[in-house]
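What follows is a set of notes on a single structure, which appears directly below.
The values are calculated or read from the model by the stated rules, or taken from the named source; none is laboratory data. As the structure is a computational prediction, the values presented were derived from the model and not from experiment. Glycine also receives a Cβ, built like all others from the backbone with ideal geometry; neighbour counts cover every protein chain displayed.
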Amino acid sequence: MSDRAVIEPAEIKGSRLPELIALASEESSEKRRLLLRELTAHFFGAPSPNANETALYGTVLAKLSAEMEVAVRAELAARFAQAPNAPHSLIRRFADDEIEVAEQVLRASTVLTDEDLIQVVRKRSQGHLRAVSGRATVSEAVSDVIVEHGDDDTLNTLLRNDGAQLSRAASETAIERAKANPALHAATVERQSLPADLLNEMYFVVEARLRHQILEQNARMDPALLEAALAAGRARVATDDGALPADYAENLAYIDELQAAGQLTPQTLIRFLRSNGRTPFLIALSKLADIDFHTARGIVERKDLDALSVVCKAADMDRAVYLTYAVAVLGAEDNPMGKAAAYGRMYGELTRDAALRTLRFWRMRRTAQAA
């Protein structure tokens with residue numbers, strides 16, 4: 001191998017670079033390794049290589065390193081990963097190498113362009129994708145491709161990186177995947193820049209600790225940001241949530257009559273519960289809380305007392321009324337009386353403001369259906 005033909009002597013006059021390049025034709029693997037290390041040291045020791053010198057370094061180092069074992073390439077890649085003036089051709093080759101070589105370059109090198117990163121993400125391993133996902137900054141364009149091609153472990157890494165920018169579309173895709181995988185719940189809820197309407201979609205699938213974080217974030221949200229989040233959410237809410245029960249229409253008419261007469265009260269719902277009137281209870285609950293029927297039905301079917309507490313607190317119901325609903329929803333087999341004290345404390349700690357803000361996201365579906 002000889003690179004003498006590409007050397008411009010006038011541009012590297014006074015340096016050892018021509019001499020080192022001349023040694024690149026060595027056949028000995030050991031001598032090539034020594035040369036590789038000396039060229040590297042020479043690059044980092046040079047005052048400021050000009051563009052042509054940098055390109056020449058890159059060409060020769062790439063050719064030499066390609067013939068070395070993985071450990072040597074990985075050592076070289078780790079050193080150049082932090083260099084802002086590293087030869088682009090060399091860094092690009094390392095980025096497309098085995099993950100042992102590519103990882104540090106993909107995580108840290110500022111020489112790589114978005115196009116470079118996208119090409120790697122489209123064709124390399126999940127290890128490569130996770131390395132890109134962990135960069136100090138990841139553009140929306142790169143994140144979009146990572147969300148498209150990455151597995152859930154990779155998505156977890158991306159979501160936990162506050163330096164990664166996600167487009168609205170990528171965020172929506174991430175949320176749908178997170179709903180189905182508990183391993184992604186924490187990364188999703190704890191992500192600082194997740195749109196608030198998408199954050200609130202996670203409420204129904206995450207554990208109590210994460211639900212509490214969602215409620216706290218809702219309570220802190222600036223009213224203007226809340227309105228913007230609600231507007232974004234309304235644009236994507238689906239209205240097809242499944243078939244209504246067979247007795248829905250007749251019970252809806254009955255509940256409407258009660259409401260028109262001013263007789264639809266929290267105590268009326270207790271009467272429905274005690275008479276096993278499931279459909280009228282759900283319709284009445286959705287009316288009092290101003291949420292859609294499907295949201296109310298989902299809360300009751302899942303025996304989701306956290307969500308029920310949000311609904312009842314937002315409707316300004318007494319603690320005793322909430323506990324009556326909770327005991328009936330749980331059913332005898334779930335030891336409702338034994339759990340009443342804990343749920344009562346939870347209800348007391350929940351502020352009405354936080355409940356109202358949270359419920360506004362749940363009401364988006366009702367608004368979209370009425371439109």
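Worth pointing out:
- Residues of region 150-201 that are of a type in the set (D, E, K, R) and within 8 Å of the chain's Cα centre (by Cα): Arg160, Arg191.
- Only residues that are farther than 16 Å from Ala95 by Cα, over 11 Å from the mean Cα position of the chain (by Cα) and part of a helix (DSSP H, G or I) were counted across region 133-143, and they come to 2.
Conditions tested, residue by residue: (1) in contact with a helix residue (DSSP H, G or I) (Cβ under 7 Å, 6 or more places away or on another chain); (2) β-branched (Val, Ile, Thr); (3) outside the structural domain of Gln267 (by TED's automatic domain parsing).
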{"position": "Phe281", "(1), (2), (3)": "yes, no, no"}
{"position": "Ile291", "(1), (2), (3)": "yes, yes, no"}
{"position": "Glu301", "(1), (2), (3)": "no, no, no"}
{"position": "Leu308", "(1), (2), (3)": "yes, no, no"}
{"position": "Val311", "(1), (2), (3)": "yes, yes, no"}
{"position": "Arg319", "(1), (2), (3)": "yes, no, no"}
{"position": "Thr324", "(1), (2), (3)": "yes, yes, no"}
{"position": "Gly331", "(1), (2), (3)": "no, no, no"}
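- Here the condition is being under 26 Å from Ala174 (Cβ atoms), over 21 Å from the mean Cα position of the chain (by Cα) and assigned to a helix (DSSP H, G or I); of Glu103, Glu75, it holds for Glu103 alone.
- Number of the exception - Ala320 against (1) in contact (Cβ under 8 Å) with a residue 40 or more places away in the chain; (2) over 25 Å from Asn251 (Cβ atoms): (1)
- Remark: pairs (first residue in region 251-262, without any contact (Cβ under 8 Å) to a residue 12 or more places away in the chain; second residue surrounded by 11 or more Cβ atoms within 10 Å (Cβ to Cβ); Cβ separation under 6 Å; 6+ apart in sequence or on different chains) are absent.
- Subset of region 317-344 (residues that are at pLDDT 85 or above and either under 32 Å from the mean Cα position of the chain (by Cα) or closer than 21 Å to Asn200 by Cα (or both)): none
- Criterion applied to Leu129, Leu166 was being outside any helix (DSSP H, G or I), touching an Asp or Glu at 6+ places or on another chain (Cβ under 9 Å) and not assigned by TED's automatic domain parsing to the domain that holds Leu359, and the one residue passing it is Leu166.
- Among the residues listed as Ala174, Ala178, the single one being modelled with pLDDT of 85 or more, outside the structural domain of Ile299 (by TED's automatic domain parsing) and in contact with a His (Cβ under 8 Å, 6 or more places away or on another chain): Ala178
- Residues (in contact (Cβ under 8 Å) with a residue 12 or more places away in the chain and among the β-branched types (Val, Ile, Thr)) located in region 106-148: Thr110, Val111, Ile118, Val120, Val121, Val132, Thr137, Val138, Val142, Val145, Ile146, Val147
- Residue tally, condition of a type in the set (Gly, Ala, Ser) and crowded, with 17+ Cβ neighbours inside 10 Å, over region 63-81: 4
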